[in-house]
Amino acid sequence: MRMRRLDGWSVSRLAIAAVLLTVYPSNRLRAQSFEQRLLAIPDTASVRQMSRDLTAVPHMAGTPAQAATRDYVLQRLRSWGIEAWSKEYTVYLPQPDTIAAWVISSPGAAPIRLSLAEPGTGPQVPPFNGYTGNGDVNADVVYVNYGLIEDYQTLDSLGLSVRGKIAIARYGRSFRGIKAREAEKRGAVGLIVYSDPQDDGYFRGDVYPRGPMRPAGGIQRGSMMNFIGDPTTPGWASVEGARRVREDSLDLPRIPILPMSYGNARLLLEPLTGPSVPQSWQGALAFRYHIGPGPVRARLRVKTERGARAYHKIWNTVGVIRGERWPDEWVVAGGHRDAWSPGARDNVSGTVAVLEAARAFATLAREGARPARTVMFATWDAEEWGLVGSTEWVEELEDSLRAHVVAYINEDGTFSGADFSGAGSPSLKPLFRSVARVVPDPTGPGSVYDVWLRGHGGDTTALTLGNLGGGSDFAGFYHHLGIPSGGIGFDGPDGIYHSMYDSYDWMIRFGDPAYKAHRAGAQLVAVILGRLANNELLPLDYVAFGTEMNGLVAQLDSGVTKKQWGSTVSTQGLKDALDRFTAVARAFGAARDSALARSGGLDSARVRRVNRALMQVERRLTRPEGLVSRPWFRSLQFASDVDNGYSTMAFPTVNEAIRYADAATASRELTDLATRVDQARAVLVEAAAALR
């Protein structure tokens, strides 16, 4: 049997300890002691120092500053006694050569060059959008609201078009790459995307440095690629010698795109004539918005690297504490390390939470208390460009990860306030709620759960956790491989997303001045990992999973009703399959509780059989050919909305067929879903049988 290496670590070596042990009685007191010690280790001084160090300078992927963060993380991990290494990939990251914009206030007027830098900050990442097209264009400007599909439908109803024009859209309501796609599709020759003060500026609160919101000069950078991973290696890893797609055939924007502050956008929006906007399009700048075109024009000049210059090295880091009982079962935590800025919130806060959890585990390991399963702590590179680092790692190690990973916990830009939130596979949500009960809240009094509940007036039904759509490094694990995934965080008001103002200074003024949310986040991550690593039987709740998925079928029913397909398309088969699944999940839960209560516990071989079956449940809800719209997305549970990019779509194969009015495909996909739910149920039956 051919063994794949995990960045220098042979998979075969992981299994050695497991074959040496045949019986290992359950020891809940030991697990409780381990958890209590984990909770005690994270502290505010440690997370504050790491945050300050990692935000010293902007560290965009593909730059020397980002290489320095790699070295810092490895040094920290190794200083704690953790085996750690980096994994290098060479990927397509075309960085900017020229970025410029001018305003031409009226026909014949001299162009006025705009200053695009963010005032009051030090060294800056240029104000550009990753994967923009190149060009030098001069055209009338048309305001398109958020640049959504429905916004262009409104323009069509008014007899207006962006063909041959420069579209100006505000950030929000969708992933920015969707804005680029729709503008180019409709013939725009360029695109400006700005942050309106209604969304994250003075309309929402005081602006930085007086408050946490975006000042007039603040810019939101970000990728415009509607794709995941290195676009030159779609579906396979960017390893040395990898086959590459030709640069001129990449599915990337062809038009020049620029991010802009609302201070500069005002110079384009205020002079616009044409129809007054629909009221829902009105932003918070101090004038009535008009759609245009004219009399104002804009000139955009964008040139980014092409050819060999556009390829840059990126580095993931991985630290490992090997499991004592089941080393071939892996629990993985990760967060991206790159940023468009100093990145105190996005994502130094997530990186620090993962590192502080690693320090807690390392401290216990040095004291002789190792986790039962192997725990990995990863920091990903080039997430901001399109989840590139994590995707390349998942694609390279797909077989090993599918075989060994129990769950993946992702932390991304989530420790900048007092409000607890989380999202994940429904199978992990009960675990997250349970862990919230044992971690002290950063504002208190009481636990995170206590404060969360008080914030919802004592209504336990309001304590909802989200589902995973798009936008972060869980995608490779969850959407591509079907591995249960999720994450938690503490948020507050902010308007510094992807700007130079996302800094240590902003964090100590407004985000988390005492670093108590960072500490609580690290405690939550550590305890979640601890329970996943140490529980004899994996804490995956498939009663909760089946119940939630069954409830989401109502969305499909609504769509079928709107299309008036009641006589040809039925969701009943899927509902029946989910009912069967949930009934077996309840039976398994009862058998598990009974087995764990028996004196003497479970022998190791039986535990392994049960857990191997549990690990297959959500993998059975993937299919190799993936979604029709996006083959890389293999999971049929959830996906990001193909027309939004951020929002979550349940049962995407069926929902997309409904959206595009394809009754035959909807019916076929419902049948396929029901079959796969039954296949997932079959491994739960195996798990229950192994307990008897």
Filter region 111-153 for residues that are among the charged types (D, E, K, R) and touching a Phe, Trp or Tyr at 6+ places or on another chain (Cβ under 9 Å); the one that is surrounded by the fewest Cβ atoms within 10 Å (Cβ to Cβ) is Arg113
For region 290-322, how many residues are of a type outside the set (Val, Ile, Thr), in a loop (DSSP other than H, G, I, E, B) and touching a helix residue (DSSP H, G or I) at 6+ places or on another chain (Cβ under 8 Å)? 2
If we keep only residues of region 659-668 that are open to solvent by 10 Å² or more (accessible area, probe 1.4 Å) and in contact (Cβ under 8 Å) with a residue 60 or more places away in the chain, then the residue farthest from Leu621 (Cα to Cα) is Ala661
Could you check region 422-478 and list, in sequence order, the residues that are acidic (Asp, Glu) and over 19 Å from Leu38 (Cβ atoms)? Asp450, Asp459, Asp473
From the list Thr671, Thr653, Thr675, which residue is at pLDDT 95 or above and crowded, with 16+ Cβ neighbours inside 10 Å? Thr653
Taking region 490-501 and keeping only residues that are surrounded by fewer than 24 Cβ atoms within 10 Å (Cβ to Cβ) and assigned to a strand (DSSP E or B), one is left with Asp491
Those residues of region 154-203 which are out of contact with any Pro (no Cβ under 7 Å at 6 or more places or on another chain), among the small types (Gly, Ala, Ser) and open to solvent by less than 50 Å² (accessible area, probe 1.4 Å), in sequence order: Gly164, Ala167, Ala169, Gly172, Ser174, Gly177, Ala183, Gly187, Ala188, Ser195, Gly201
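Okay, residues lined up against (1) at pLDDT 95 or above; (2) within 30 Å of Arg309 (Cα to Cα); (3) open to solvent by less than 20 Å² (accessible area, probe 1.4 Å):
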{"site": "Ala18", "(1), (2), (3)": "no, no, yes"}
{"site": "Val23", "(1), (2), (3)": "no, no, no"}
{"site": "Arg37", "(1), (2), (3)": "yes, no, no"}
{"site": "Asp43", "(1), (2), (3)": "yes, no, no"}
{"site": "Gln49", "(1), (2), (3)": "yes, no, no"}
{"site": "Ala56", "(1), (2), (3)": "yes, yes, no"}
{"site": "Thr63", "(1), (2), (3)": "yes, yes, no"}
{"site": "Gln66", "(1), (2), (3)": "yes, yes, yes"}
{"site": "Ile82", "(1), (2), (3)": "yes, no, yes"}
Within region 453-489, restricting to residues that are of a type in the set (Val, Ile, Thr) and either touching a residue at least 24 places away in the same chain (Cβ under 8 Å) or part of a loop (DSSP other than H, G, I, E, B) (or both), the one that is most open to solvent (accessible area, probe 1.4 Å) is Thr464
Would you confirm whether any residue within region 356-370 is touching a His at 6+ places or on another chain (Cβ under 9 Å) and either surrounded by fewer than 24 Cβ atoms within 10 Å (Cβ to Cβ) or within 22 Å of Ala40 (Cβ to Cβ) (or both)? yes
Qualifying positions in region 98-139 - polar (S, T, N, Q), under 34 Å from the mean Cα position of the chain (by Cα) and assigned to a strand (DSSP E or B): Thr98, Asn129
Going through region 68-80 one residue at a time, which ones are in a helix (DSSP H, G or I) and open to solvent by less than 60 Å² (accessible area, probe 1.4 Å)? Ala68, Thr69, Arg70, Tyr72, Val73, Leu74, Arg76, Leu77
Looking only at region 153-172, decide whether some residue is in a loop (DSSP other than H, G, I, E, B), more than 18 Å from Pro295 (Cα to Cα), in contact with a Gly (Cβ under 7 Å, 6 or more places away or on another chain) and touching a residue at least 24 places away in the same chain (Cβ under 8 Å). no
Among all residue pairs at least 6 apart or on different chains, which show Cβ distances below 9 Å where the first residue, located in region 415-439, is in a helix (DSSP H, G or I) and the second is among the basic types (Lys, Arg)? Leu431/Arg531; Ser434/Arg531; Val435/Arg531
For region 399-442, what are the residues that are more than 17 Å from Ile528 (Cβ to Cβ), open to solvent by 10 Å² or more (accessible area, probe 1.4 Å) and among the aliphatic types (A, V, I, L, M)? Ala403, Ala418
Has region 605-622 got any residue that is touching an Asp or Glu at 6+ places or on another chain (Cβ under 9 Å) and free of Cβ contacts under 8 Å to residues at least 12 places away in the same chain? yes
Scan region 297-320 and give yes if some residue there is open to solvent by less than 10 Å² (accessible area, probe 1.4 Å) and charged (D, E, K, R), otherwise no. no
Select from region 588-623 the residues that are part of a loop (DSSP other than H, G, I, E, B) and open to solvent by less than 50 Å² (accessible area, probe 1.4 Å) and write down the one among them that is modelled with the lowest pLDDT. Gly601
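Each row is one residue, and each column tells you yes or no for (1) closer than 17 Å to Gln523 by Cα; (2) in contact with a Leu (Cβ under 7 Å, 6 or more places away or on another chain); (3) aliphatic (A, V, I, L, M).
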| residue | (1), (2), (3) |
| --- | --- |
| Tyr311 | no, no, no |
| Ile321 | no, no, yes |
| Asp328 | no, yes, no |
| Val332 | yes, no, yes |
| Asn347 | no, no, no |
Could you tell me whether Arg204 is of a type in the set (D, E, K, R), touching a residue at least 40 places away in the same chain (Cβ under 8 Å) and more than 26 Å from Tyr131 (Cα to Cα)? yes
For region 553-570, give me the residue count where each residue is buried (at least 17 other Cβ atoms within 10 Å of the Cβ) and under 24 Å from Asp541 (Cβ atoms). 2
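The values are calculated or read from the model by the stated rules, or taken from the named source; none is laboratory data. All values derive from a computational prediction rather than experimental measurement. No Cβ is skipped: glycine too gets one built from the backbone with ideal geometry, and neighbour counts run over all protein chains shown. All accessible areas refer to the heavy atoms of the entire protein, side chains included, with ligands and DNA or RNA removed. Shrake-Rupley method; radii C 1.70, N 1.55, O 1.52, S 1.80 Å.
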